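Student: Dropping the structure in here first, questions after.
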Amino acid sequence: MRVGLYGGSFNPAHEGHAHVAETARRRLNLDRVIWLVSPQNPLKARHETADLAQRIAGAQNLAHGRHMIVTDVEDRLGSAYTIDTVRALKARFPGVKFVWVMGADSLASFHRWRGWTQIMREVPVAVVSRPWIALKSRFSPAARRFARFRIPSQAAATLPDRKPPAWTFLRGPLNFQSSTALRERTTRARQAAPREAG
């Protein structure tokens with residue numbers, strides 16, 4: 001079983017997330033992609049993060065087909081950090097070939113994650129291109145530090161079988177939706193509503 005682990009706040013989930021998950025599934029020939037909805041991203045403010053159940057519901061609306069699974073396993077494990085989640089899942093399912101999946105925007109800030117170098121050494125990592133950030137992410141501290149372990153995207157289907165550290169950068173059609181833009185649009189609409197009502 002080849003399984004992609006796709007973690008995030010999904011605050012809110014949008015078509016860009018679905019694009020990353022589906023691109024990884026197809027290019028890596030994965031049996032499943034598990035969307036790990038974080039109870040609370042340690043790098044983000046709690047007051048800006050919607051309720052977990054709401055974010056799970058949003059992800060479920062986008063994760064179509066039997067290959068996509070949305071879960072609150074991090075909440076159930078009591079795991080606040082990706083490294084702990086990855087290690088727990090590897091221990092529980094030793095026969096599964098896990099791959100960590102992320103958008104290029106996450107790679108750009110990956111060096112701020114707790115245990116980021118250990119994550120790279122625990123599981124292969126697939127990075128899917130995202131708009132406006134591709135160049136910055138490819139020259140990020142994580143990309144530079146693990147440059148010699150990068151495999152060409154043409155060999156991406158072999159990634160789940162490789163011993164970490166191993167990672168690839170997947171380019172392709174871009175989806176321009178972002179959680180930040182969606183939150184800002186919602187905030188502007190809320191602020192405008194009282195003025196229009198008055």
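Student: Provide a single number: the residues in region 116-142 that are among the small types (Gly, Ala, Ser) and closer than 25 Å to Ala80 by Cβ. Even if it seems obvious, please write down each step before you answer.
Tutor: Going through region 116-142, the residues among the small types (Gly, Ala, Ser) turn out to be 126, 129, 134, 137, 140, 142.
Then drop every residue that is not closer than 25 Å to Ala80 by Cβ, which leaves 126, 137, 140, 142.
Summing the residues that are among the small types (Gly, Ala, Ser) and closer than 25 Å to Ala80 by Cβ in region 116-142 gives 4.
Student: Listed residues Gln54, Gln40, Gln60; which is over 26 Å from Leu170 (Cβ atoms) and in a helix (DSSP H, G or I)? Write out each step before concluding.
Tutor: Details: Gln40 fails: in a helix (DSSP H, G or I); Gln60 fails: over 26 Å from Leu170 (Cβ atoms).
That would be Gln54, the only listed residue that is over 26 Å from Leu170 (Cβ atoms) and in a helix (DSSP H, G or I).
Student: Restricting to region 86-136, give me the number of residues that are at pLDDT 95 or above, of a type outside the set (A, V, I, L, M, F, W, C) and in contact with a strand residue (DSSP E or B) (Cβ under 9 Å, 6 or more places away or on another chain).
Tutor: Total satisfying the criteria: 4.
Student: I would also like to ask the following. Would you say Glu22 is crowded, with 19+ Cβ neighbours inside 10 Å and touching a Leu at 6+ places or on another chain (Cβ under 6 Å)?
Tutor: Working: crowded, with 19+ Cβ neighbours inside 10 Å: yes; touching a Leu at 6+ places or on another chain (Cβ under 6 Å): no.
No.
Student: What are the residue pairs meeting all of these: first residue in region 46-68, first residue more than 19 Å from Gly16 (Cα to Cα), second residue among the hydrophobic types (A, V, I, L, M, F, W, C) and not in a loop (DSSP other than H, G, I, E, B), Cβ atoms under 9 Å, and 6 or more apart or on different chains?
Tutor: Between residues of region 46-68 that are more than 19 Å from Gly16 (Cα to Cα) and residues that are among the hydrophobic types (A, V, I, L, M, F, W, C) and not in a loop (DSSP other than H, G, I, E, B), the close pairs are Leu52/Val37.
Student: Another one. Does region 64-78 hold any residues that are part of a loop (DSSP other than H, G, I, E, B) and touching a Leu at 6+ places or on another chain (Cβ under 9 Å), and which are they? Spell out how you get there, then give the answer.
Tutor: Going through region 64-78, the residues part of a loop (DSSP other than H, G, I, E, B) turn out to be 64-67, 72, 78.
Scanning region 64-78 gives His67, Asp72.
Student: Please pick out the residue among Ala91, Ala155, Ala147 that is closer than 25 Å to Pro39 by Cα and surrounded by fewer than 16 Cβ atoms within 10 Å (Cβ to Cβ).
Tutor: Working: Ala155 fails: closer than 25 Å to Pro39 by Cα; Ala147 fails: closer than 25 Å to Pro39 by Cα.
Ala91 is the lone residue from the list that is closer than 25 Å to Pro39 by Cα and surrounded by fewer than 16 Cβ atoms within 10 Å (Cβ to Cβ).
The values are calculated or read from the model by the stated rules, or taken from the named source; none is laboratory data. Because the structure is predicted, anything quoted here is derived from the model rather than measured. Glycine also receives a Cβ, built like all others from the backbone with ideal geometry; neighbour counts cover every protein chain displayed.
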